[in-house]
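Engineer: Structure in structure tokens, see below.
The values are calculated or read from the model by the stated rules, or taken from the named source; none is laboratory data. As the structure is a prediction and not an experimental result, all values here were calculated from the model. When we count neighbours, we look across all protein chains shown, and the Cβ atoms used for this are built from the backbone with ideal geometry, even at glycine.
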């Protein structure tokens, strides 16, 4: 496996580009589906970031996206979904790499987990199993070394009870929650004004879909908090970004976001224009670092905003490539 420790010490755009191009060379040779995808495009070897092709994310549902097909992975993460056949799968050959990525990012944007009490309202992820999000939050809970930390599933009353106990202990409270579970909590009008709320997206068919602004407004009003944070992550990525009070996400230094034209996946749109989100995640060294997601977004400086999802009529470029 390639040496990856350098990705966590990137300090310039030049460093990022050099490592990304090196990883492209490795993956275009060793990741079968990415190699076939590149060959089908007939594109020449990239010399800069803008020339790197992005693999449509749906390939994680239909193919084994890995550079080590003959080696048994340490773990395989599965996306949430209604049936096994439609869930994305991401074989993980180095869990330490994933842990290093999410622990460094969390510490940078949220704080030291050992100084916190971490509560998790992620019932659907826990129920379906093999979730990368559950793995991450479980490790953060373990790192907190506090008996009040834990997964509460649908036990909303326990949230308020543990929150009050945490305040007495003087610990900072972090609450991770899927959107519909946090809305259930907000409807109880529990005052969580001293907690940091991190929504992880997804109504999962339990409630009407809302825009981020609508969701965050309802949560702020119901939970009496000034800001709702979000975590941008997915099964297919080993890195995450966290949002600020302006709903803008900041990626770590080993992750870069760009936006592509919805009609031409090989053309990037200008800053502030809405397009499909492309992700370069250098922590994905053992699978594929270059992912074309089905999210819509905008670039704002070194941050990005998530505007929603493609509907099926919008993914023309990616569908053509998959066909």
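Engineer: Of the residues 135, 180, which single one is out of contact with any helix residue (DSSP H, G or I) (no Cβ under 7 Å at 6 or more places or on another chain), assigned by TED's automatic domain parsing to the domain that holds residue 101 and over 17 Å from residue 103 (Cβ atoms)? Please lay out each step first, then the result.
Structural biologist: Details: 135 fails: over 17 Å from residue 103 (Cβ atoms).
Sole residue among the options that is out of contact with any helix residue (DSSP H, G or I) (no Cβ under 7 Å at 6 or more places or on another chain), assigned by TED's automatic domain parsing to the domain that holds residue 101 and over 17 Å from residue 103 (Cβ atoms): 180.
Engineer: Okay, next question. Only one residue in 24, 102 is in contact with a helix residue (DSSP H, G or I) (Cβ under 8 Å, 6 or more places away or on another chain) and surrounded by 13 or more Cβ atoms within 10 Å (Cβ to Cβ). Which one?
Structural biologist: So the residue among 24, 102 that is in contact with a helix residue (DSSP H, G or I) (Cβ under 8 Å, 6 or more places away or on another chain) and surrounded by 13 or more Cβ atoms within 10 Å (Cβ to Cβ) is 102.
Engineer: May I ask you to verify whether residue 56 is closer than 23 Å to residue 231 by Cα and in the same structural domain as residue 296 (by TED's automatic domain parsing)?
Structural biologist: yes
Engineer: Select, from 248, 237, the only residue that is at pLDDT 95 or above, outside the structural domain of residue 66 (by TED's automatic domain parsing) and buried (at least 22 other Cβ atoms within 10 Å of the Cβ).
Structural biologist: Just one listed residue meets the conditions, 237.
Engineer: Testing residue 263 on (1) assigned to a loop (DSSP other than H, G, I, E, B); (2) touching a residue at least 12 places away in the same chain (Cβ under 8 Å); (3) within 30 Å of residue 184 (Cβ to Cβ); (4) not assigned by TED's automatic domain parsing to the domain that holds residue 173, one condition comes back false. Which one is that?
Structural biologist: (3)
Engineer: Could you list, in sequence order, the residues of segment 94-123 that are in a loop (DSSP other than H, G, I, E, B) and touching a residue at least 12 places away in the same chain (Cβ under 8 Å)?
Structural biologist: Within segment 94-123, 94, 110, 111, 122 meet the criteria.
Engineer: Which numbered condition in (1) modelled with pLDDT of 95 or more; (2) in a loop (DSSP other than H, G, I, E, B); (3) surrounded by 13 or more Cβ atoms within 10 Å (Cβ to Cβ) is the only one that residue 80 fails?
Structural biologist: (1)
Engineer: For residues in segment 27-51 being in contact (Cβ under 8 Å) with a residue 40 or more places away in the chain and under 18 Å from residue 257 (Cβ atoms), which is surrounded by the most Cβ atoms within 10 Å (Cβ to Cβ)?
Structural biologist: 49
Engineer: Among (1) touching a helix residue (DSSP H, G or I) at 6+ places or on another chain (Cβ under 7 Å); (2) assigned to a helix (DSSP H, G or I), which single condition is residue 216 missing?
Structural biologist: Unmet for residue 216, out of (1) touching a helix residue (DSSP H, G or I) at 6+ places or on another chain (Cβ under 7 Å); (2) assigned to a helix (DSSP H, G or I): (1).
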